[in-house]
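What follows is a single structure, written as structure tokens, with notes after it.
All of the numbers you see were taken from the coordinates with simple rules; none came from a lab. Quick caveat: nothing in here was measured; it's all calculated off a predicted structure. A quick note on method: Cβ atoms are made from the backbone with ideal geometry, for glycine too, and the neighbour counts reach across all protein chains shown.
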Amino acid sequence: MTSDKKKPSAKKKSPEKKKNNDKKSKKGSKSGAISSSLAKICFAIAVSDLLHALYFTIQTMILLIHKFSMFAMLALLGVIFWVIIVVMLIVGLWKRMAGLVRFWLIFSLAGFITDVLFLLWGIATSITVDWDRLQEFSIVFLGIFIESTCIYLVHRYYQTMGEKHKEKRILCPCTGNNDQKKSKKKHGKK
């Protein structure tokens, strides 16, 4: 009688399950590659923004040295704040701290809205349309396009940082996340 019983055999993956696992691993590797290239792009954006901010810092200091004015002093304080925000972005990208990246996104969105408002004001107050103004407005349009692209790319990377942080919280019980305990309390103790 005991010989009639079959030993449980090791489960073999069906071809469908194997294909699904392959698709998931390919999708994971694609998203990992996109995330790493997006990280490099964001670092390039941060470095170019830092260079831009430092250039304006030098220009503001030169203006302040040539002629001291309250306007130049406020501009210097604003540029120093800009440099601090960009350094926070670089640290946030390097240490994968989403909060620091969020500060840069808010600051850049405020700057983007200000640029658009200045452009609209310039167009509305323009009495004549000449080649110089058209060239000036096209440069401003190009700047706004580049700025919006940079904000979009950093925001996409910020979203991936948030998704990875959520996965880490769910998978790692050492983060102090008591999701399982909370769900047991909601459904009643067993």
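Compute the length gained on full extension between residue 54 and residue 91: take 0.36 nm times their separation in residues and subtract their Cα-Cα distance, giving the result in nm to one decimal.
Between residue 54 and residue 91, full extension yields an extra 11.6 nm.
What nm distance separates the two modelled labels at residue 68 and residue 113, each placed 7 Å from Cα along Cα→Cβ?
Calculated label separation equals 3.6 nm.
Could you sort the peptides 35-42, 120-127 by per-residue average Cβ neighbour count (10 Å cutoff), highest mean leading?
35-42, 120-127
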